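Trainee: Here's a structure for you.
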Amino acid sequence: MTDDVSAVVYDLDGTLVQLLVNWKTVARDVTAELATHGVDASEADLWEMLDLADEANARDAIEAVIGEHERDGARRSIRLPHANELVSRDVPVGVCSLNCESACHVSLETHGLAEHVDAVVGRDSVATRKPHPEPLRATLRALEADGDAIFIGDSPRDELTAERAGITFEYV
């Protein structure tokens, strides 16, 4: 399915690598940081906490907390089998992730993949996040993809992102 495409875009975590992040600890730390901004996030999941951070004008502080955990998890991440196919692509390759952009770069560098990736768009690279199609569209624009492209990921959110962007999706 990926032989006649103009670009291939991968999700990062769960597709190319497995970030070693304790998301419960992240949520605890984000809850504590939001409390310093007068926000009670005790009943919110991490995605809702990001929305609460936007409402409280605390997004930068919350991204700093999450990003620190993600970069640490990226340094300790495990390379997954799909990373091996990435290095042999003869079309532009991108990464579109819900992780912060800097963690994506750390992970790609950690596993010797950075030189094989032409564009990276993370959660903090554009104003919206998956499953909104804009992060994927931004990745495709950065790749200067003309024609059919494919998005390879590991979740229904990735599939919905591809559907909304109007491109083919493939599960790992």
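The numbers here are math on the coordinates, done by the rules we state, and not lab data. None of these values were measured; they are calculated from a predicted model. Note that we place each Cβ from the backbone using ideal geometry, even for glycine, and neighbour counts take in every protein chain shown.
Trainee: Treat each spin label as a single point 7 Å out from the Cα along the C-beta direction, and report the A127 to E144 distance in nm.
Mentor: Inter-label distance under the simple model: 2.7 nm.
Trainee: State, as an integer percentage, the relative contact order of the chain based on alpha-carbon contacts under 8 Å between residues 6 or more apart.
Mentor: It comes to 29 percent, rounded to a whole number.
Trainee: If the elastic network links every pair of Cα atoms under 10 Å, which of D51, D154, D72 fluctuates the most in the Gaussian network model of the chain?
Mentor: Residue with maximal mean-square fluctuation among D51, D154, D72: D51.
Trainee: Moving to a separate point now. Taking the Cα centre of the stretch 85-172 as origin, work out the dipole magnitude from +1 charges on Lys and Arg Cβ and -1 charges on Asp and Glu Cβ, in debye rounded to 20.
Mentor: Rounded to the nearest 20 debye, it is 380 debye.
Trainee: Can you pull the one-decimal nm distance between simple spin-label points at A35 and D60, each 7 Å off the Cα toward Cβ?
Mentor: 2.4
Trainee: Any idea which of P156, F169, A114 is furthest toward the positive side of the dipole for the chain, if Lys and Arg beta-carbons carry +1 and Asp and Glu beta-carbons -1?
Mentor: My answer, from the dipole projection, is A114.
Trainee: Continuing with this model, one more query. Relative contact order for the stretch 23-75 using alpha-carbon pairs under 8 Å, separation at least 6, rounded to a whole percent?
Mentor: The normalised contact order for the stretch 23-75 reaches 38 percent.
Trainee: A follow-up question, please. At 0.36 nm per residue, minus the direct Cα-Cα distance, what do D51 and E115 gain on full extension? Give it in nm, one decimal, please.
Mentor: 19.7 nm
Trainee: For labels at E159 and L20 in the simple 7 Å Cα→Cβ model, what's the distance in nm?
Mentor: Those two pseudo-labels are separated by 3.1 nm.
Trainee: Looking at the chain only, what percent of DSSP beta bridges run antiparallel? Nearest 5 please.
Mentor: If I count the DSSP bridges inside the chain, around 10 percent turn out antiparallel.
Trainee: Would you mind checking the tilt of helix 23-35 against the longest principal axis of the Cα atoms of the chain, expressed as 0 to 90 degrees and rounded to 10?
Mentor: Around 50 degrees separate the two axes.
Trainee: Hey, what do the phi angles of the stretch 155-160 turn into as Karplus ³J(HN,Hα) couplings, whole Hz, using 6.51/-1.76/1.60 and θ = phi - 60°, x for Gly and Pro?
Mentor: Taking θ as phi minus 60°, the curve returns 9, x, 5, 5, 4, 5 Hz for the stretch 155-160.
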